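Structure record follows, encoded as structure tokens.
The values are calculated or read from the model by the stated rules, or taken from the named source; none is laboratory data. Everything quoted here is computed from the prediction, not taken from an experiment. Every residue, glycine as well, gets a Cβ built from its backbone with ideal geometry; the counts of neighbours run over all protein chains shown. These area figures cover heavy atoms from the full protein model, side chains too; ligands, DNA and RNA do not enter into them. Shrake-Rupley method; radii C 1.70, N 1.55, O 1.52, S 1.80 Å.
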Amino acid sequence: MLLALLLTFPGLLHPAAGTGASAPRAPRPPGPAAEDPLSFRVLQASSFANHSWAHSQASGWLGELQTHGWDPALGTIRFLWPWSRGNFSAQMLQNLQSLFQLYFHGFTIEVQAFAREFQFEYPFELQVSAGCTLHAGKASGIFFNGAYQGSDFLSFQGNSWQPSPGAGSRAQKVCAVLNRYRDIKEIVLSLLSNTCPQFLAGILEAAKSELGRPVRPEVWLSSGPSPGPGRLLLVCHVSGFHPKPVWVMWMRGEQEQPGTRRGDVLPHADETWYLRVTLDVAAREAAGLSCRVRHSSLGGHDIVIHWGRDWALLTLMCLAVLVTLLLLLGLHCSLRKLSSHGRAVAPGASSPDPATAANDWGPRTSGHQLHAPRESWVKNKLLKKLKASLTLLWQH
């Protein structure tokens, strides 16, 4: 049954995607983090409104950077960066795209055909996250996880489908059916274990010059909301750095402050990163503190920003500018009200009805009409076509 493909092929569909370096979660100097496993994942979300309407979205991710998209209207892969094609030939990418087209078409048909049998109640949504990892240039693992209505549903482990803990009898029934199809498991393993790592290695090589370039961080200090009477929340902002691993600490001289709290490292649209590190201190103890930043782009020279009078003067200047702007804005609004005072509304004129405007939407076009087959594609030709497409992928 092609529901097998339902939770199977999203991962294989995007084996041609890259990976990203996962930075350390605990504060530490950059260096060893570069050896962390690199991962590529494909995300798929398919919405089913009823037995004849469905819509799917998919994307490929190199770590936390999106590298690929899927155009459901044209049935084509979108390469979001010049290096997103990796080292696959044009013919191999075309074959892979054809495989994806076949998958998405069959996936939708099979889900709708077996929705009642597996007790999928309309409307519902299915999600998939699948991919592979590399460590020290070698394949180190694969993963495939499926979700129903946003909750863990099943996963592919070893050579079989396993229901997620707490997913219930519905997930057990789906896994039992999927495990009957040896061809499906072979296709999943081939795409995740062979195609995905090879594409990942190629995309990393193609992106080396771009993704490997170091970018120096910008560092500045501010104060956050007061934690309490007589206390300050000191904030050290570190922004625009690449690669992701960075070490940031509040210091007093050469002594690290144990109360330092590190936030999440967040991505910018330009592939650089941002981090916020705070320290809660008594106001009288703030003098003499500094924020120290270590990053691979700094060539061994740390950035040190001191908390002190210079920052206080800058803060006062910013507040003065802000107050001036607010006063000018208030004056501008007052002048506009005076100039419009007494202006009459034209007879018969009326303002548009907000409710009418809010509801004036065109017809939905994101979905397409589909019709469930009378019998499963798996029993016919779909699996043969998918295996043939996979074989063709490596003939070029």
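Given a Förster distance of 51 Å, report the FRET efficiency between Leu322 and Gln149 from their Cβ-Cβ distance, rounded to the nearest 0.05.
After rounding to 0.05, the efficiency reads 0.65.
Might you work out the accessible area of Lys138 for me, using a 1.4 Å probe with all protein chains in place, and round it to the nearest 10 Å²?
Only protein atoms counted, so the area is about 150 Å².
Please compute the modelled spin-label separation between Leu74 and Ser98, points set 7 Å along Cα→Cβ, answer in nm with one decimal.
Here the answer is 1.9 nm between the modelled labels.
How long is the gain from His55 to Glu121 if the chain were fully straight, where each residue apart is worth 0.36 nm and the alpha carbon distance is subtracted?
Gain on extension, His55 to Glu121, equals 22.2 nm.
So for Leu279, Leu328, what's the accessible-area order with a 1.4 Å probe, most first?
If we order Leu279, Leu328 from most to least accessible, we get Leu328, Leu279.
Just to check I understand the Karplus step: with θ = phi - 60° and J = 6.51 cos²θ - 1.76 cosθ + 1.60, what whole-Hz values come out for segment 192-198, glycine and proline as x?
Calculated HN-Hα couplings, in order: 7, 8, 10, 5, 4, x, 5 Hz.
Mind scanning Lys138/Lys387; Lys185/Lys384; Lys208/Lys385; Lys138/Lys208; Lys138/Lys185 and naming the pairs with a C-alpha gap bigger than 24 Å?
Lys138/Lys387; Lys208/Lys385
Loop only per DSSP, at most 16 neighbouring Cβ atoms within 10 Å: give me the GluC sites (Glu not before Pro) in segment 95-171, ordered by residue number.
Glu117, Glu121
Within the set of other residues whose C-beta is less than 14 Å from the C-beta of Cys236, count the net charge using Lys and Arg as +1 and Asp and Glu as -1.
+2
Applying 1/(1 + (r/R0)^6) with R0 = 45 Å to the Cβ-Cβ distance of Lys173 and Val215, what FRET efficiency is obtained, to the nearest 0.05?
0.35
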